[in-house]
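Structure first, commentary second.
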There are 2 protein chains.
Amino acid sequence: MEMTNAIDFYFDFSSPYGYFAADAIEAEAARAGRPCRWVPILLGPAFKASGNQLLIEQPLKGAYSRHDWDRLARLTGIPYAFPDPFPVASVAAARVFWWQDASDGVAAKAFARAIFAAYFAHGRNIGDKAVVAAIADECGHDRAAALAAMDDPAWKAKCRDETEAAIGRGVFGSPFFIIDDEPFWGSDRLPMVRRWLETGGW
Amino acid sequence: MEMTNAIDFYFDFSSPYGYFAADAIEAEAARAGRPCRWVPILLGPAFKASGNQLLIEQPLKGAYSRHDWDRLARLTGIPYAFPDPFPVASVAAARVFWWQDASDGVAAKAFARAIFAAYFAHGRNIGDKAVVAAIADECGHDRAAALAAMDDPAWKAKCRDETEAAIGRGVFGSPFFIIDDEPFWGSDRLPMVRRWLETGGW
């Protein structure tokens, strides 16, 4: 059945809008009775393909975004403090995610939530391999195995392939949702996502 | 009273998202019992200040936007066909707007709606001064006076000043709403605008 296809949720672990959207898209998926596939990607290559730039580095837009993230946090009640450093490379966290996901998708999502919270709620530097390994450990994974996964060619390739596949589907930002090939960019689009799921599209 | 301040609605006449938002923000303002001040600006200088680029010229984002405009038109029922040429310079239309607005704000808004519809529903080239003058004429204004307004230093200056003032307030895209100094970017933010107006902010 078409209506049971997974919702693909693309994000970068270093994306505040990805963080804010993570719980919400899971709730929308549950509401619609669909699974939600989390796909951490690397915005660097996506930005290269699209000509996009980091929000925070853009005049006017950067200041607006910081204001908007604080405002979204107050609105949603999601714990949030602008992290320092920002942004950070999220490749280590993404590789550990894929390593976990291969054996246990539920554990991988729990780890992803822990990574998001570590960075955006607790200010831990998730660009640091040791920090990522510590978070994996806190989630019940083996620390040494997590560290090994970060340098394992298999997870390097998986991470690269998923990013390239995302770009091939038109993904250029975080968060980005694809529902039965229909693309939705941005956490702003959650109301439209809900309507699309409820109505089957228009 | 603070709550009766006007909602400032910034847009470029060549912006599809501005077109889609125009009726909706008026409805939100009416719902909140506030006036809505329409401020046509020129995205060129705003993009220069912010480093923003035309959506349509960006890889991936351009294709997404075209798809999204069609989808928004189907969702809202607003008449829309992607115009050709796109985009066009909207400076003539903006100057005529300001000329009219100085004497009759209601007539200026009616003209603005007519310009939007001419371009996005009927495919008329609003970058052409003769077309803008014809639309002014259809709205009951004097054609020769409209043509003169396009080259009048007073309306040139007004158009430039409003654009610069907008940039000074952080405006970098279209549509952009400012409510009691609170900025909201994009037609996606209309649900948040409604909540802000209903609650007085958070």
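Every read-out reported here was derived from the displayed coordinates using simple, explicitly stated rules and does not represent laboratory data. Note that this is a predicted model, so its numbers are computed, not measured. Glycine gets a Cβ as well: all are built from the backbone with ideal geometry, and neighbour counts include every protein chain shown.
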- Query: Once the Cβ-Cβ distance between B:ALA148 and B:GLU182 is put in as r, and R0 is 45 Å, what FRET efficiency do you end up with, to the nearest 0.05?
  - Reply: 0.75
- Message: If you take each beta carbon of peptide B:182-191 and count the beta carbons of other chains within 10 angstrom, what is the mean?
- Response: 4
- Please identify which residues in the range A:97-139 have an amide N closer than 11 Å to a label point set 7 Å out from the Cα of A:ALA81, following the Cα→Cβ vector. A:120-124
- For the range B:189-196, take each phi angle, set θ = phi - 60°, evaluate the Karplus expression 6.51 cos²θ - 1.76 cosθ + 1.60, and give the result in whole Hz per residue in order, putting x for glycine and proline. 8, 4, x, 5, 4, 4, 5, 4
- Query: Sorted from shortest, what are the nm distances separating the label point of A:ALA134 from equivalent points in the other copies, each placed 7 Å from Cα along Cα to C-beta?
  - Reply: 6.9
- Query: Quick one: Karplus J couplings for the range B:106-114, per residue in order, coefficients 6.51, -1.76, 1.60, θ = phi - 60°, nearest Hz, x for Gly and Pro?
  - Reply: 5, 5, 4, 5, 4, 5, 4, 4, 5
- Note on the structure: For peptide B:38-50, the mean count of other chain Cβ atoms within 10 Å per residue Cβ is 1
- Item | Calculated label separations, A:GLY200, copies of the chain, 7 Å along the beta-carbon direction, nm | 4.6
- Task: Return a single number: how many Lys pairs in chain A, at a sequence separation of 8 or more or on separate chains, have alpha-carbon atoms below 30 angstrom apart.
- Result: 10
- Query: Per residue of B:56-62, how many C-beta atoms from partner chains lie within 10 Å of its own C-beta, taken as a mean?
  - Reply: 5
- Query: Put the label 7 Å from Cα along Cα→Cβ for A:ARG113; what are its distances to the other copies, in nanometres, shortest first?
  - Reply: 4.8
- Rounded to whole Å and ordered largest first, report the semi-axes of the equivalent ellipsoid of the protein assembly as shown derived from its Cα gyration tensor (root of 5λ). 44, 21, 19
- Using θ = phi - 60° and the Karplus relation 6.51 cos²θ - 1.76 cosθ + 1.60, list the HN-Hα couplings for the range B:21-33 in order, rounded to whole Hz, with x at every Gly or Pro. 7, 4, 5, 5, 6, 4, 5, 5, 5, 4, 4, 8, x
- Task: Considering the rotation that carries chain A onto chain B, locate the chain A residue whose Cβ comes closest to its axis and report the distance in whole Å.
- Result: A:ASP188, 2
- Task: Amide H neighbours of A:ARG37 under 5 Å, at least 5 residues apart or on other chains, H built in the peptide plane: list them.
- Result: A:ILE7, A:ASP8, A:PHE9
- Overall form of the range B:2-199 per C-alpha gyration tensor (a/c, 1.5; a/b vs b/c): rounded
